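The values are calculated or read from the model by the stated rules, or taken from the named source; none is laboratory data. All figures in this text were calculated on a predicted structure; none of them were measured in a lab. With ideal geometry, Cβ positions are generated from the backbone for all residues, glycine too; neighbour counts draw on all protein chains shown. In case anyone asks, the SASA skips ligands and DNA or RNA and just uses the protein heavy atoms, side chains included. Shrake-Rupley method; radii C 1.70, N 1.55, O 1.52, S 1.80 Å.
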Amino acid sequence: MLFAATAGGQERRYDLAFPGVPVEQAIAGIERESGMHFSYPSSLLSHFPVVTGDFRQATLRQVLDGIFASRGIRYKIQGEYIILGRGKRRRTIVVSGTVRDAESRETLIGATVHDPLSRTGTTTNEHGFYSLSLEEGTARLVISFVGYTPFETTLALTRDTVIHAELLPSIALKGVTVTSEALPAWIQSVQPGQVQFPVKIVNGLPALLGESDVLKTLQLLPGVKTGNEGLAGLYVRGGNADENLYLMDGIPIYNPSHLMGFFSTFNSNVVKRVDFYKGSFPARYGGRLSSVVDTRLKEGNMQEVHGNLSVGLLASKFDLEGPLERDKTSFQLSVRRTYMDLFLPSLLRKLTTEENGTGRVNYSTGRYHFTDMNAKVTRVFSEREQLSLGVYWGEDYMNYSNRTRVENTLDGSTTLSTDERNWEWRWGNLIALLEHGVRVNERLYGRYLLSYNRYVSTINVKIDSTLSSGVTRELQQRLSNRSRVRYHSGIEDVIAKVHFDYNASRHVARFGAEAIYHTFTPEVSNFTHLAAGEIDTLQREVEMKNRVRGVEASLFIEEEITPVDRLRVDPGARLTLFRSGGATYLSAEPRLSVHYAATDRLSLKASYAAMSQYIHLLAFGGVSLPSDLWVPVTERVRPMRSRQLAGGIYYRFRPDWELSAEGYYKTMKNQIECVDGATILPAYRDWEENVAIGRGDARGVELQVQRQKGATTGWINYTLAWANRWFPGKEINQGKRFPARNDSRHGINAVVMHRFSDALDASVAWVYNSGARATIALETYNAPLIDDLSDGDGGVPTIPHVEYRNNYKLPPYHRLDVGLNYHRHRRHHTSTWSFSVYNLYSRMNPFFVYMSGEEVDGVKKNVLREASLFPAIPSISYAITF
């Protein structure tokens, strides 16, 4: 431990060191050095924390004060005995403040603030504010954040105190070694299934076509599966793709991807923090069943102007941030755009041009690009108040055209006919928000938010068939046709939120209210056909409009209670009222999380969460299409419900190594799926008739080993999971249980990141999944013999037979990605070359499977084929940061 020799004098003094030892061990050391004996009831110190302190030339009373006074234990020295007893309860003092980055003065979300003497701690909220209740007396305040040097101070608390801290990034401390960091987030947080990670991990991993992606990073976590090859969607613990709540600065985003799901809308250059919940959901979150992806964006540097320009094979992006008024007002601006449309039209035309030598020419052209923009202005009026105005706009544009030109010569007369078909799709998100944060007093912090959120999709189809020469005008009009189809869908929200954080001495409360006014536009379609008759023109228009409005109002409350040392209980509840059309639903959703720190390295967690979802995504297949529709619940299609139990054990077996094991069981009600033989697209009117309502469950075990500090970091995890569905109405699979589409038994993710020097770092990621599910007709049988019934070749027709829904298990999915980053640091800027290879060993994972009729050895057979998308794809990008 420990004890140095004593020094003599009129009053004996001691040199004693206690590097985090049990109180019984500290007492034994004091008895040995002083010759005194302690007397106390055994229950008095049953939950006493470990003793940490370094006493130099201290008297016995100074040692006893340092150990026991801060814990409300009184002592009395009587002869050779030290008698301990419970002292009077001391006043509670509130220490509060804001934690910022010392260089940019941006607030730090989730920074740890704790007093190791009393083992009391908290974390900063979304605006960097904290409030901590401590007993009157001596306290040692430690404020830390991963990647920053900790701030430490010793306080003599006699009244409420405000302590603002500015932490310096560790990389800026030349020659300084940081020896103290915050405990791992999964040890500190009470929720099993919660993951917090810095965005630098996203930028350090190998990227598809050089584009770093937040959602693809989440796919490397246990319990999370992707859909088809390369897509950015999430299937979490047996849930569907539309059961994830994506938040951007607290506002839902309905289409979280670009390029039909291959890239996410979250630009990693402007993301400040990501909180991912897959199990125990705090009561402030609601409206989805499976997960919450809560991203907070940067406010901008309050001190200096900085920027970043990145050029990759797929896209380029430019970021700029800085002060509008130093230490008072900052801005953040980021723009990203692809440039596939610069070369795709000519490339596609060259690849598709067909000439048969008889005057017929056919070719296709196309364009695609996506653009998004993030802008934010933050005004800090004082350490008590700030205001932010933010805007996000993102749009995908796709165009495909096919043109056929036919030239015929008959009896010396030449006719020229053309057929042009053009498809144009636009879809995207728009978010505008105003957020006001106020520290009402040392105990209460309020956040007020008002926002507008819109997702819209528009499809335009044009078909023109004309005769342009060689015929009379009358005949040209007779044989010409024009058709126009316009398809529009979307959802708009007006949102108001108020959230409060309240420090009530012995516990912390979070409570608030939310109101959302939904406007659903599932389908507004317009069809126009212009055809020439013998005498005049016939014009026919068909228009259909559907617009549904809904109101969603919620109240929530969360508590953080520490009834005894090492035990924390977080009860919570959410009450939601949803009304749309003639349907009204009221949901009460209890939440509970329990965390027990058995030792400083070992903790146990358990949770229960009830969730409800009031909107459905009517989607076609596993690809995010612009024709996907968001629709509200109805009187027949009731809200989806889930109940999830989760628990885990978390062990830090070395200072930089952590081990976790989690298990979960989830039930789901009112799941919807398309009935056999029906389609929900493109007609919205009959969607209720084409879906069945059923149930589901999911269970699994997730193991992970992780190293968070050092030159080499990373993790390896394994997931064993089951996901099932069944429909008691027998519309699907005769009501029998069947595996869900995303049911994949085994999953392994391994990630290694190594920093060779300040100039060079590398990363490797390997992914394995045992294969999802698909519905394939693997068998056929002959149709009944009926006169004039044949397959066109004189044979007996066959009818495909599907044994059960999702009967086919896809082959295992696996790939290896590697990346290398080379940095050159200059006085005023840093340049980075990034090299990566996606799917290094070119595993041809199936994007989809299909049945193909082929002739094998002279016999016509159905052969199952796989369509793959991505072989090995190398990429390179260049970025300059100034």
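When Tyr246, Tyr254 are checked against the criterion of being modelled with pLDDT of 90 or more, aromatic (Phe, Trp, Tyr) and either open to solvent by less than 10 Å² (accessible area, probe 1.4 Å) or part of a loop (DSSP other than H, G, I, E, B) (or both), Tyr254 stands alone in meeting it. Name the residue that is farthest from Ala692 (Cα to Cα), counting only residues in region 706-738 that are at pLDDT 95 or above and hydroxyl-bearing (Ser, Thr, Tyr). Ranking the qualifying residues of region 706-738, first place goes to Tyr718.
Thr52 meets each of the listed conditions (1) farther than 20 Å from Arg566 by Cα; (2) open to solvent by 50 Å² or more (accessible area, probe 1.4 Å) apart from (1). Note on region 857-882: residues that are farther than 19 Å from Tyr781 by Cβ and assigned to a strand (DSSP E or B) amount to 13.
In the set (1) in contact (Cβ under 8 Å) with a residue 24 or more places away in the chain; (2) among the small types (Gly, Ala, Ser); (3) out of contact with any Lys or Arg (no Cβ under 7 Å at 6 or more places or on another chain), the condition left unmet by Ser831 is number (3). Within region 66-101, the set of residues being open to solvent by 60 Å² or more (accessible area, probe 1.4 Å) and not in a strand (DSSP E or B) comprises Arg71, Gly79, Glu80, Lys88, Arg89, Arg91.
Of the strands (runs of 3 or more DSSP E) entirely within region 110-221, those holding at least 3 residues that are at pLDDT 90 or above and over 28 Å from Pro563 (Cβ atoms) occupy 165-167.
One residue stands out in region 449-467 among those that are surrounded by fewer than 20 Cβ atoms within 10 Å (Cβ to Cβ) and touching a Gly at 6+ places or on another chain (Cβ under 8 Å): the one that is modelled with the highest pLDDT, namely Arg454.
Taking each residue of region 747-768 that is closer than 21 Å to Lys225 by Cβ and open to solvent by 30 Å² or more (accessible area, probe 1.4 Å) and looking for partners that are outside any strand (DSSP E or B) and not aliphatic (A, V, I, L, M) with beta-carbon atoms closer than 9 Å, six or more apart or interchain, yields Val764/Pro206; Tyr768/Pro812. Among the residues making up region 225-237, those that are open to solvent by less than 10 Å² (accessible area, probe 1.4 Å) and either outside any loop (DSSP other than H, G, I, E, B) or at pLDDT 90 or above (or both) are Val236, Arg237. Going by what's in this entry, would Tyr838 be described as open to solvent by 40 Å² or more (accessible area, probe 1.4 Å), modelled with pLDDT of 85 or more, closer than 28 Å to Ser757 by Cα and hydroxyl-bearing (Ser, Thr, Tyr)? Considered against the rule, which asks whether it is open to solvent by 40 Å² or more (accessible area, probe 1.4 Å), modelled with pLDDT of 85 or more, closer than 28 Å to Ser757 by Cα and hydroxyl-bearing (Ser, Thr, Tyr), Tyr838 comes out as no.
Taking the condition out of contact with any Pro (no Cβ under 6 Å at 6 or more places or on another chain) and free of Cβ contacts under 8 Å to residues at least 24 places away in the same chain, does Ser96 pass? Spelling it out, it is not the case that Ser96 is out of contact with any Pro (no Cβ under 6 Å at 6 or more places or on another chain) and free of Cβ contacts under 8 Å to residues at least 24 places away in the same chain. Just one residue in the set Gly322, Gly312, Gly300, Gly287 is buried (at least 16 other Cβ atoms within 10 Å of the Cβ) and touching a helix residue (DSSP H, G or I) at 6+ places or on another chain (Cβ under 9 Å); that residue is Gly312.
Taking the listed residues Ala698, Ala721, Ala692, the one that is crowded, with 20+ Cβ neighbours inside 10 Å, touching a Lys or Arg at 6+ places or on another chain (Cβ under 6 Å) and touching a residue at least 40 places away in the same chain (Cβ under 8 Å) is Ala698, with no other qualifying. Within region 521-543, is even one residue aromatic (Phe, Trp, Tyr), within 20 Å of Val631 (Cβ to Cβ) and either at pLDDT 65 or above or buried (at least 18 other Cβ atoms within 10 Å of the Cβ) (or both)? No, every residue in region 521-543 fails to be aromatic (Phe, Trp, Tyr), within 20 Å of Val631 (Cβ to Cβ) and either at pLDDT 65 or above or buried (at least 18 other Cβ atoms within 10 Å of the Cβ) (or both). Within region 482-496, is even one residue outside any strand (DSSP E or B), open to solvent by 40 Å² or more (accessible area, probe 1.4 Å) and modelled with pLDDT under 80? Looking through region 482-496, none of the residues is outside any strand (DSSP E or B), open to solvent by 40 Å² or more (accessible area, probe 1.4 Å) and modelled with pLDDT under 80. Given the criteria over 18 Å from Ala762 (Cβ atoms), more than 29 Å from the chain's Cα centre (by Cα), modelled with pLDDT of 85 or more and open to solvent by less than 70 Å² (accessible area, probe 1.4 Å), does His814 qualify? Considered against the rule, which asks whether it is over 18 Å from Ala762 (Cβ atoms), more than 29 Å from the chain's Cα centre (by Cα), modelled with pLDDT of 85 or more and open to solvent by less than 70 Å² (accessible area, probe 1.4 Å), His814 comes out as no.
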